[in-house]
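The values are calculated or read from the model by the stated rules, or taken from the named source; none is laboratory data. Just so we're clear, the structure is a prediction, and the values are computed from it rather than from any experiment. All Cβ positions, even for glycine, are placed from backbone atoms using ideal geometry, and neighbour counts span all protein chains on display. When the accessible area is computed, the model is the full protein with side chains, heavy atoms only, and any ligands, DNA or RNA have been set aside. Shrake-Rupley method; radii C 1.70, N 1.55, O 1.52, S 1.80 Å.
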Amino acid sequence: MATADHHTGHQDRRRGKSVHARVFWPSAAIALAFVVATVASPATMESAVGTVSSWIVAHFGWYYTLIVSLFVVFAIWVGVGHFGDIKLGADDEEPEFGRRSWFAMLFAAGMGIGLVFWGVAEPLNHLAGIPNRASGIAAADEPGAQAALVQTFLHWGLHPWAIYVVVGLAVAYAIHRKKRPVSIRWALEPVLGDRVNGWIGDAIDIAAVVGTLFGVATSLGLGVTQIAAGLDFVGILDDPGNLAKVVLIGAITLIAIFSVVTGVAKGIKWLSNANMGLAGIMLVFVLVTGPTLFILRDFIQSIGLYLQNLVRLSFSTTAFQGAEGEAWQGYWTAFYWGWWISWAPFVGVFIARISRGRTVREFVAGVLLVPTLLSFLWFSVFGGAGLFRQLFGDGGLVGTDASGAATVDTEGALFTLLSDLPGGAVVVFGAIILIVLFFVTSSDSGSLVVDMLASGGDVNPPKWSRVFWASAEGAVAIALVLAGGLSALQGVAIAIALPFSLVMIGMCVAIFRVFSRERRAMVRIQRRLQRQELTEHVTQSLVDEGLVEPEKGAQR
């Protein structure tokens, strides 16, 4: 089947199509319809997104909590159990990348606009009780600050990376072990069989394309709101509105288009290295110039409290908080689980591509632990510095509105924190550049993955379709900003994850089936070898004792 698809792809390319039409055009139509409807009536779309996301949180919030926690259990079980020795590639194949390079790329996959956007802001929001105190963080005091950081760890720790393990492992096995094209549908071949070539397979890839498109657009929307806030902070833009954000998205999308056209080896690779280097410099800078000892102590302490409270937090649905609990889930945990699931095809395909030759145990350990620890360090440095300033320093990061309710400048909290450090103005400009680089990297790498999925698994899709998907991501991001900003971004992430979560359940079943077959085959081979060795040993013992004659040609 793979050969047939590949042959069809070549025929399409000769005809100038170069895409998998049954996936490409429906996905494009969904994106275009959303953009047109939003531009035509932003208020109507904002209301619709809010209604749908609220309904999902009210009726399926428990499902998101349960399924993502089960993904963590599943990932750990697969990694530490007897499936761990299975190779993602040929049995004698060595890893494509060295461990250091592999870890660096995993770190790059885990770093993005989200960490920069929420690094300072999320712990402060939890401390302030936004949107309410349904989380159980009772007050903006020292215990509340500690609980705020642990709650943040939950959203950025094992759970998102377990989601990526499920998708990445299923895709890696399909493309490296079974030599299938780079496509989500082939990860479900053990469950669906030949039906992956029909409309069911098309629907799976469409869900993956649309989910990735909206997931990346959510990140772009977050990024541009923070860029606008940064330009306002340094005085370049005065109180930027939607028009300024639309112009920013358009300008940065053009840079992303240039990058994605130049390809992985040039534009994407250079930008990835640049933003990782700048992020590392900023991390070290805040650690050294901020409350260093406090950050290091709290880093260790918060990891311990995270592990201590992991089960309780993982299954918390704020059930006894009623409407406030539902509002809190939609603002935080349900939003995050939806966001990560919508990102799963993108990150899963990426980590699958770079993990050829790894064992399942190496894959799970590397994907779960390395990005999680680095994310914890990021939030301990930036979030810890913000909490320290609010509680023990100059304050000013948590305020109140006219009604007396607590407020946090979510988009500008990072710049406020950085401005009070040595060389504040320069560091703020560096932060804006970092966000732009992350914006471009997310857009071009996301466009490449979406294009591969929409082109039937072609690892080198045509440039025109890369330009199309980069433009589509920018257009969807503009639509989300017009449809209500942060609330719309959160609502779409929650909604788009629901259909793809069913695909992920199928992936878990597929992984169990193929790994069980692999394990049974390995056990049969081991037993056959053991019987052969035992037979040879007994035969040789009998020969040595003179009880049987050696076979002709056996002695040399």
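A few comments on the model shown:
- First in region 314-328 and free of Cβ contacts under 8 Å to residues at least 24 places away in the same chain and open to solvent by 50 Å² or more (accessible area, probe 1.4 Å), second anywhere and of a type in the set (D, E, K, R) and assigned to a helix (DSSP H, G or I), Cβ under 6 Å, 6 or more apart: none
- Of the residues making up region 51-92, those that are in contact with a His (Cβ under 8 Å, 6 or more places away or on another chain), on the phi < 0 side of the Ramachandran plot and not polar (S, T, N, Q) are V68, F71, V72, L88.
- Looking across region 30-56, the residues that are out of contact with any helix residue (DSSP H, G or I) (no Cβ under 7 Å at 6 or more places or on another chain) and over 18 Å from A472 (Cβ atoms) come down to S41, A43, T44, S47, A48, T51, W55.
- Conditions (1) in contact (Cβ under 8 Å) with a residue 12 or more places away in the chain; (2) closer than 28 Å to V78 by Cβ; number of the one not met by G221: (2)
- Condition broken by S419, with the remaining ones in (1) farther than 21 Å from S342 by Cα; (2) of a type outside the set (A, V, I, L, M); (3) open to solvent by less than 20 Å² (accessible area, probe 1.4 Å) satisfied: (3)
- Residue match in region 140-149 (condition: among the polar types (S, T, N, Q) and either open to solvent by less than 10 Å² (accessible area, probe 1.4 Å) or not in a helix (DSSP H, G or I) (or both)): no
- Total residues in region 82-110, condition crowded, with 21+ Cβ neighbours inside 10 Å and either under 28 Å from F439 (Cβ atoms) or under 22 Å from the mean Cα position of the chain (by Cα) (or both): 5
- Filtered residue count, region 46-62, keeping only those that are over 18 Å from F214 (Cβ atoms) and in contact (Cβ under 8 Å) with a residue 40 or more places away in the chain: 3
- Qualifying residue in region 172-187 (condition: at pLDDT below 95 and at positive phi): yes
- When E122 is tested against (1) closer than 30 Å to I303 by Cα; (2) acidic (D, E); (3) open to solvent by 20 Å² or more (accessible area, probe 1.4 Å), only condition (3) is not met.
- Of the set (1) β-branched (V, I, T); (2) at pLDDT 95 or above; (3) buried (at least 18 other Cβ atoms within 10 Å of the Cβ), all apply to I257 but (2).
- T359 meets the stated requirement of being open to solvent by 20 Å² or more (accessible area, probe 1.4 Å), touching a Leu at 6+ places or on another chain (Cβ under 8 Å), on the phi < 0 side of the Ramachandran plot and at pLDDT 90 or above.
- Single residue of region 465-495 satisfying the filter (outside any helix (DSSP H, G or I) and closer than 19 Å to Y336 by Cα) that is most open to solvent (accessible area, probe 1.4 Å): G484
- Residue check for L480: under 25 Å from L254 (Cα atoms) and either among the hydrophobic types (A, V, I, L, M, F, W, C) or touching a Ser or Thr at 6+ places or on another chain (Cβ under 8 Å) (or both): yes
- Selected residue [open to solvent by 10 Å² or more (accessible area, probe 1.4 Å), without any contact (Cβ under 8 Å) to a residue 24 or more places away in the chain and assigned to a helix (DSSP H, G or I)] from V436, V523: V523
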